[in-house]
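J.: Shown below is the structure under consideration.
The values are calculated or read from the model by the stated rules, or taken from the named source; none is laboratory data. All of these numbers come straight from a predicted model, not from anything done at the bench. Cβ sites come from the backbone with ideal geometry, for glycine too, and all protein chains shown count toward neighbours.
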């Protein structure tokens, strides 16, 4: 249901459904229905409503990058020579597969990106041969993540 300020307000049943699916997006709808005490059709209807209102946007599998040999996570602050370089820089960053996230930020950097590499040497190659070669990038500042301490979504 929409509230007066155009935000979607979840009711208790919506929250229960979302909690189950956030725990395991492959959990069968009928199993969730039994646990909540409503029909599977009602859950499907609510999920369609939640998708239409953009509260949820699909589901995904989470890949463990370490199992595939990607052990170096880093955050890179990118200084651009001028603000007008931002759209072009982002287009170039999109072409680099190691870039997982890109944020336009306040503060010293123009852009903050999250990258995932196999090791520190791979990170250095991505920095030197890809990111720092982008037209408009004046310099970068890199922070290597030693260990992710918290990984969660917003609480429902």
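Rundown of residues vs (1) without any contact (Cβ under 8 Å) to a residue 12 or more places away in the chain; (2) loosely packed, with under 11 Cβ neighbours inside 10 Å; (3) within 30 Å of residue 26 (Cα to Cα), yes/no style:
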position: 51; (1), (2), (3): yes, no, yes
position: 58; (1), (2), (3): yes, yes, yes
position: 66; (1), (2), (3): yes, yes, yes
position: 133; (1), (2), (3): yes, yes, no
position: 149; (1), (2), (3): yes, yes, yes
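J.: May I pose another question? As an exercise: evaluate residue 8 against (1) modelled with pLDDT of 95 or more; (2) surrounded by 12 or more Cβ atoms within 10 Å (Cβ to Cβ); (3) outside the structural domain of residue 126 (by TED's automatic domain parsing) and give the number of the one condition it does not meet.
T.: With respect to (1) modelled with pLDDT of 95 or more; (2) surrounded by 12 or more Cβ atoms within 10 Å (Cβ to Cβ); (3) outside the structural domain of residue 126 (by TED's automatic domain parsing), residue 8 is out only on (1).
J.: List the residue pairs whose Cβ atoms are under 7 Å apart, where the first residue sits in the stretch 89-109 and is not assigned by TED's automatic domain parsing to the domain that holds residue 131, the second is modelled with pLDDT of 95 or more, and the two are 6 or more positions apart or on different chains.
T.: none
J.: Just the residues that are part of a loop (DSSP other than H, G, I, E, B) and farther than 15 Å from residue 123 by Cα, please, taken from the stretch 65-97.
T.: Result: 81, 82, 95.
J.: Sort out which residues of the stretch 109-142 are assigned to a loop (DSSP other than H, G, I, E, B) and farther than 18 Å from residue 82 by Cα, and write them in order of number. Walk me through how you get there before you give the answer.
T.: Residues of the stretch 109-142 assigned to a loop (DSSP other than H, G, I, E, B): 109-110, 118-119, 130, 134-136.
Answer for the stretch 109-142, where residues must be assigned to a loop (DSSP other than H, G, I, E, B) and farther than 18 Å from residue 82 by Cα: 118, 119, 130.
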